[in-house]
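Structure record follows, encoded as structure tokens.
The values are calculated or read from the model by the stated rules, or taken from the named source; none is laboratory data. Since the model is a prediction, treat every value here as computed from it, not as a measurement. Virtual Cβ from ideal backbone geometry, glycine too; neighbours counted across all protein chains shown. To get the accessible areas, we keep the full protein, side chains included, count just its heavy atoms, and leave off ligands, DNA and RNA. Shrake-Rupley method; radii C 1.70, N 1.55, O 1.52, S 1.80 Å.
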Amino acid sequence: MKKLPAASHPFAIYTDQHRVVVISGIGKLAMAGAIGYVMALFENPGLPIMLNMGIAGHRKHEPGSLVLGQKITDSESGRSFYPQLPFTVFVPTETVFTQAKPNADYSTQGVFDMEASGFYEMAVKFSSSELIQVAKIISDNAQSPMTNITETAVERWIDLQLPNIQLLIEQIADCRSLAPQNNVLQIQQKLSEQFHMTVSHSLKLNVLLQRWWLLKGDTELKWQETGPKNAKELLAWIENELDRTDFYL
């Protein structure tokens, strides 16, 4: 992957024809900023696969092991997010607690990091939840505290987990292939033009239409019956209809 000129961008960005890797730095605000910047920098890819890779602490998991976030909780706001996992999960799943400062208390069950909630809260504005995942490599535990972490060790752990990370990306990509992208994009384009939507509204519409297909299949989108006057009212109606829909795995 080629690194973009550092002087031209606030984040370290590496890219090729199909992938982008951005080094956000520490903290959920830096993470949210990195996602927003990259999504604005590159041409809209439809619904992208978005993966947060980083290190995190856990009370018992061995350093270097890989876990997947089944619930993301912001320890400051109390807000939680629930990634969909519609594929075979081959690594342990954990609740990821995002904190403003490093956590040295290993008494609570769960994984502790400083970026995941910022990542997820921003990522769902651009993609669908089954395409957004949080994977963490354990860097410290009660027997091996944060003071033992070194760059060399982190590089080694990531290198060893690359086959599993690649497999995870392939599984997420298989989920995307299940969605009727062409139909969704056609409806999105039609409604965006009809309601003169902003880019932000159009992106949100795309995510809602993907959720509609996953939850309601080919059920017709009968928005005309409610007579929405603008994009905001249309999006609110679709969101309300989805919230009223039962979801089963």
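Tally the residues that are surrounded by 14 or more Cβ atoms within 10 Å (Cβ to Cβ) and out of contact with any Gly (no Cβ under 9 Å at 6 or more places or on another chain), restricting the search to the stretch 13-24. Even if it seems obvious, please write down each step before you answer.
Kept after step one, since they are surrounded by 14 or more Cβ atoms within 10 Å (Cβ to Cβ), are these residues of the stretch 13-24: 13, 15, 20-22, 24.
Applying the additional criterion that residues be out of contact with any Gly (no Cβ under 9 Å at 6 or more places or on another chain) yields 13, 15, 20-22.
Number satisfying all stated conditions: 5.
Just to check your reading of the model, which residue among ALA104, ALA32, ALA100 is small (Gly, Ala, Ser), in contact (Cβ under 8 Å) with a residue 40 or more places away in the chain and not in a loop (DSSP other than H, G, I, E, B)?
ALA32
Note on the stretch 92-123: among residues that are over 18 Å from the mean Cα position of the chain (by Cα) and aliphatic (A, V, I, L, M), the one that is most open to solvent (accessible area, probe 1.4 Å) is ALA104. Looking only at the stretch 181-198, which residues are at pLDDT 80 or above and open to solvent by 50 Å² or more (accessible area, probe 1.4 Å)? If the condition is that a residue be at pLDDT 80 or above and open to solvent by 50 Å² or more (accessible area, probe 1.4 Å), then ILE187, LYS190, GLU193, GLN194, HIS196, THR198 are the ones that fit. ASP159 satisfies every condition listed in (1) surrounded by fewer than 17 Cβ atoms within 10 Å (Cβ to Cβ); (2) among the charged types (D, E, K, R); (3) farther than 26 Å from ILE35 by Cα except (3).
Of the residues that make up the stretch 126-134, is at least one open to solvent by 10 Å² or more (accessible area, probe 1.4 Å), β-branched (Val, Ile, Thr) and at pLDDT below 95? Scanning the stretch 126-134 turns up no residue that is open to solvent by 10 Å² or more (accessible area, probe 1.4 Å), β-branched (Val, Ile, Thr) and at pLDDT below 95. Listed by first and then second residue, the pairs with beta-carbon distance under 6 Å, at least 6 apart or on different chains, first residue in the stretch 142-154 and assigned to a loop (DSSP other than H, G, I, E, B), second modelled with pLDDT of 95 or more and of a type in the set (Ser, Thr, Tyr), are ILE149/SER139.
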